[in-house]
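The values are calculated or read from the model by the stated rules, or taken from the named source; none is laboratory data. These numbers were taken from a predicted model, which means no experiment stands behind them. Backbone-built Cβ (ideal geometry, glycine too); neighbour counts: all protein chains shown. Heads up: the accessible areas ignore ligands, DNA and RNA and are worked out on the full protein's heavy atoms, side chains in. Shrake-Rupley method; radii C 1.70, N 1.55, O 1.52, S 1.80 Å.
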Amino acid sequence: AIVWDEYLTGPFGLIAQYSLLKEHEVEKMFTLKPGRLPQADVKNIIFFVRPKLELMDIITDNVLREDRGRSPQRDFHILFVPRRSLLCEQWLKEQGVLGSFIHREQYSLDLIPFDGDLLSMESESAFKECYLESDQTSLYHAAKGLMTLQALYGTIPQIFGKGECARHVANMMIRMKREFPGSQNSIFPVFDTLLLLDRNVDLLTPLATQLTYEGLIDEIYGIQNTYVKLPPEKFAPKKQGEGGKDLPTEPKKLQLNSAEELYAEIRDKNFNAVGSVLSKKAKIISAAFEERHHAKTVGEIKQFVSQLPHMQAARSSLANHTSIAELIKDITTSEDFFDNLTVEQEFMSGIDTDKVNNYIEDCIAQKHPLIKILRLVCLQSVCNSGLKQKVLDHYKREILQTYGYEHILTLNNLEKAGLLKPQTSGRNNYPTIRKTLRLWMDDVNEQNPNDISYVYSGYAPLSVRLAQLLARPGWRSIEEVLKMLPGPHFEERQQLPTGLQKKRQHGENRVTLVFFLGGVTYAEIAALRFLSQMEDGGTEYVIATTKLINGTSWIKSLMERLEPAPF
């Protein structure tokens with residue numbers, strides 16, 4: 001039997017379905033929780049857990065409650081993901097249960113494939129650990145993951161990076177390579193370049209509302225390990241004459257990845273361009289189903305029947321996405337969504353970033369969700385290189401008086417992370433950065449985009465702009481702006497064994513792996529995919545990250561849960 005740390009079931013589901021584990025004699029699967037382990041007629045019980053102390057307490061409870069008198073006795077084993085932890089083992093030892101585990105191993109799961117061009121470590125606290133707690137464990141895991149990748153796909157000849165964490169990861173990779181001289185392999189390199197980017201080089205992008213189809217699904221419903229849970233009433237099969245008697249109550253769970261043809265086509269489009277694609281598809285599909293009336297000969301009928309499964313899959317895929325698009329449209333056409341977006345766009349284009357914003361004040365007064373307020377205030381702060389002290393104090397006071405003083409720790413965390421801070425240098429660098437990197441485009445074409453700014457309807461993600469400029473004309477052209485952004489920028493070259501240097505054929509694309517340390521949003525992924533598909537781009541991008549994030553999940557990870565006092 002396997003006892004799962006609940007957080008791991010999502011990522012593991014992407015690499016080993018239950019059916020596969022069954023073939024390998026896994027009889028039962030349980031979720032890790034306090035109390036006695038459920039009854040199961042098995043000899044071995046394996047705990048799959050992250051090395052976190054609070055989980056060790058639960059395991060201790062499970063082991064101590066095990067009935068020692070029963071025969072046959074069950075054997076315990078523990079697998080730490082992604083690394084064994086001395087601290088956890090010491091803790092289990094002090095609780096007197098370490099000896100109960102026959103095997104204590106680690107399962108080094110670093111990068112998990114989410115799609116053909118997307119890898120994630122799914123380490124939810126990486127950003128907080130790196131920037132608030134100065135804990136660089138996740139950076140070590142990132143470096144290990146990159147070493148594994150190089151062992152499989154060849155040494156990456158060029159490494160570029162920007163930010164403190166990027167510098168650490170590059171240093172660790174270089175050190176690991178030195179310490180394991182045997183790791184030099186003779187595989188022809190798949191990647192030409194690795195670009196390491198710190199999340200705090202671009203704090204702005206995740207705070208803005210993503211406007212791609214996939215980005216909006218994530219903003220509104222949250223995508224967990226490629227799955228999304230949606231309100232079921234839109235997906236109920238419509239039967240005539242019954243009325244809505246028995247509407248389903250379980251949320252509808254769908255997997256979203258490029259294996260689904262239609263999703264691959266629309267996921268990275270601006271939401272305003274999705275409707276027309278769906279209606280075109282609907283016409284094509286109904287025309288295809290009409291064909292059956294024209295099938296006369298046995299051969300034609302056979303031909304039609306052979307295409308049927310594919311057509312039915314296309315039809316149900318279309319029905320699902322039409323329903324999702326309707327759900328999203330209800331929200332994007334609401335007044336509140338529009339007002340919120342208008343304020344975001346004003347900040348990003350540099351309008352009124354230095355004074356207290358009326359809309360934010362109104363939202364606080366009406367007690368809108370706190371995370372929405374924090375996203376807007378942080379966005380204003382980032383677009384103004386920090387807020388004037390009296391504007392900042394005003395916001396803080398309003399937030400604490402409306403939502404409770406327990407949030408003072410959260411505000412403190414946001415300040416430490418650089419998201420909500422006083423303007424120290426006395427001047428605002430953002431306009432210079434915005435103009436030099438062309439971060440705001442007024443005439444954005446959402447239907448047939450010609451620039452990455454379509455993913456936010458006007459704002460081009462800074463992180464992706466850096467990747468774009470690195471490919472052409474190179475970072476030398478933007479030295480001045482790079483100095484304004486936090487952390488060092490650097491370039492390293494890794495020697496390739498002779499005979500493995502690439503001779504590039506004419507018209508052959510370079511492949512760049514962009515690694516976001518601290519998280520990446522779906523809109524940034526869409527922008528990089530857009531650059532990969534550009535006719536004259538010349539570069540294909542593969543994306544890796546510590547975690548897939550959106551503004552809400554990111555701010556949430558920085559919030560402190562303080563229970564308000566009981567009196």
Which pairs do you get when a residue that is farther than 11 Å from Asn450 by Cα, found in segment 523-539, comes within reach of a residue that is at pLDDT below 95 and not in a helix (DSSP H, G or I), reach meaning Cβ atoms under 6 angstrom, with the pair 6+ apart or on two chains? Gly538/Asn509; Thr539/Arg510
Here is a list of conditions, (1) open to solvent by 50 Å² or more (accessible area, probe 1.4 Å); (2) touching a Leu at 6+ places or on another chain (Cβ under 9 Å); (3) outside any helix (DSSP H, G or I), and Gln447 meets all of them except one; can you say which number that is? (2)
Within segment 110-125, is even one residue within 29 Å of Ala264 (Cα to Cα), in contact with a helix residue (DSSP H, G or I) (Cβ under 8 Å, 6 or more places away or on another chain) and among the β-branched types (Val, Ile, Thr)? yes
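The rows are residues; the columns are (1) without any contact (Cβ under 8 Å) to a residue 24 or more places away in the chain; (2) assigned to a loop (DSSP other than H, G, I, E, B); (3) over 30 Å from Leu254 (Cα atoms).
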{"position": "Ile159", "(1), (2), (3)": "no, no, yes"}
{"position": "Met172", "(1), (2), (3)": "no, no, yes"}
{"position": "Lys177", "(1), (2), (3)": "no, no, yes"}
{"position": "Pro189", "(1), (2), (3)": "no, yes, yes"}
{"position": "Pro206", "(1), (2), (3)": "no, no, no"}
{"position": "Glu214", "(1), (2), (3)": "no, no, no"}
If I filter segment 487-508 down to residues being surrounded by 13 or more Cβ atoms within 10 Å (Cβ to Cβ) and at pLDDT below 95, which single residue comes out as nearest to Ser557 (Cα to Cα)? Gln494
Criterion violated by Phe76 - all others in (1) open to solvent by 40 Å² or more (accessible area, probe 1.4 Å); (2) in a strand (DSSP E or B) satisfied: (1)
Filter segment 19-53 for residues that are under 23 Å from Glu89 (Cβ atoms) and part of a strand (DSSP E or B); which is nearest to the chain's Cα centre (by Cα)? Val49
Do any residues in segment 374-388 that are open to solvent by 10 Å² or more (accessible area, probe 1.4 Å) have Cβ atoms under 8 Å from those of residues that are of a type outside the set (Phe, Trp, Tyr) and part of a helix (DSSP H, G or I), where the two are at least six apart or on different chains, and which pairs are they? Arg375/Leu207; Arg375/Gly551; Arg375/Thr552; Arg375/Ile555; Val382/Leu204; Val382/Leu207
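Scan segment 544-563 residue by residue and report those that are β-branched (Val, Ile, Thr) and part of a loop (DSSP other than H, G, I, E, B).
Let us first name the residues in segment 544-563 that are β-branched (Val, Ile, Thr), namely 545-546, 549, 552, 555.
Residues satisfying the conditions are Thr546, Ile549.
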I'd like to know if segment 421-433 contains one or more residues that are at pLDDT 95 or above, in contact with a strand residue (DSSP E or B) (Cβ under 6 Å, 6 or more places away or on another chain), open to solvent by less than 30 Å² (accessible area, probe 1.4 Å) and part of a helix (DSSP H, G or I). no
Leading residue by the ranking (surrounded by the fewest Cβ atoms within 10 Å (Cβ to Cβ)) among those in segment 210-236 that are acidic (Asp, Glu) and touching a Gly at 6+ places or on another chain (Cβ under 9 Å): Glu233
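Within segment 11-28, track down each residue that is of a type in the set (Gly, Ala, Ser) and touching a residue at least 12 places away in the same chain (Cβ under 8 Å).
So in segment 11-28, the residues of a type in the set (Gly, Ala, Ser) come out as 13, 16, 19.
Result: Gly13, single match.
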Quick check on segment 389-420: of everything there that is of a type in the set (A, V, I, L, M, F, W, C) and buried (at least 17 other Cβ atoms within 10 Å of the Cβ), which residue is farthest from the chain's Cα centre (by Cα)? Val391
Quick one: in segment 98-129, which of the residues that are in contact (Cβ under 8 Å) with a residue 60 or more places away in the chain and assigned to a strand (DSSP E or B) is most open to solvent (accessible area, probe 1.4 Å)? Pro113
Name the residues in segment 460-506 that are under 19 Å from Gly418 (Cβ atoms) and not charged (D, E, K, R), would you? Pro461, Leu462, Ser463, Leu466, Val481, Leu482, Met484, Leu485, Pro486, Gly487, Pro488, His489
Hey, Leu437 at pLDDT 95 or above and either out of contact with any helix residue (DSSP H, G or I) (no Cβ under 9 Å at 6 or more places or on another chain) or open to solvent by 20 Å² or more (accessible area, probe 1.4 Å) (or both) or not: no
So which residues in segment 323-352 are open to solvent by less than 50 Å² (accessible area, probe 1.4 Å) and farther than 15 Å from Leu207 by Cα, if there are any at all? Ser323, Ile324, Ala325, Leu327, Ile328, Thr332, Ser334, Gly350
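Checking the condition touching a helix residue (DSSP H, G or I) at 6+ places or on another chain (Cβ under 8 Å) and surrounded by 15 or more Cβ atoms within 10 Å (Cβ to Cβ), which residue from Pro11, Pro34, Pro51 passes? First the steps, then the outcome.
On the way: Pro11 fails: touching a helix residue (DSSP H, G or I) at 6+ places or on another chain (Cβ under 8 Å); Pro34 fails: surrounded by 15 or more Cβ atoms within 10 Å (Cβ to Cβ).
Only one candidate passes the filter, namely Pro51.
Filter segment 362-373 for residues that are in a helix (DSSP H, G or I), of a type outside the set (A, V, I, L, M) and open to solvent by 10 Å² or more (accessible area, probe 1.4 Å) and give the result. If you could, list the steps in order and put the result at the bottom.
Taking segment 362-373 as the starting set, the residues that turn out to be in a helix (DSSP H, G or I) are 362-365, 370-373.
From what is left, the residues that are of a type outside the set (A, V, I, L, M) are 362-363, 372.
Listed by number, the residues that qualify are Asp362, Lys372.
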